[in-house]
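The structure appears below as structure tokens.
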Amino acid sequence: MISFGRFDEDDKIVVIINRGEEERQVNIPVWRLGVAYQTRMARLFITNREGYSDEMQMYMVNNGVIHVTCPPVSGIIIKDIGDVY
């Protein structure tokens with residue numbers, strides 16, 4: 001599994017890739033991208049063996065971290081969408 005982030009003044013993006021054959025749980029320290037400690041992020045895209053989806057899924061950032069479940073052989077793109085508090 002590998003994850004990385006890209007950011008600029010306007011956007012903060014996380015990419016997660018699970019090449020493994022098993023589902024993985026991962027905690028991503030999004031505070032390193034400048035994401036607020038208590039905010040939300042949205043999955044923009046997921047791809048796996050069955051295909052892909054652009055259905056949005058929300059992730060709450062708690063203490064600068066998001067918890068993500070990654071299906072086997074998958075890729076996920078998640079974006080900061082702003083404060084909720």
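We did not get these values from a lab; they are worked out from the coordinates using the rules stated. Everything quoted here is computed from the prediction, not taken from an experiment. So basically every Cβ, Gly included, is an ideal-geometry build from the backbone, and we count neighbours across all protein chains shown.
Which of the following values of Cα extents along the principal axes in Å was calculated from the structure shown: (1) 95, 25, 14; (2) 35, 22, 21; (3) 36, 32, 19?
Label of the calculated value: (2).
With each label point set 7 Å from Cα along the Cα-Cβ vector, what nm distance links Lys79 and Arg24?
2.5 nm
Can you list which of the trypsin sites (Lys or Arg not before Pro) found in segment 32-85 are DSSP loop residues with at most 15 other C-beta atoms within 10 Å?
Arg49
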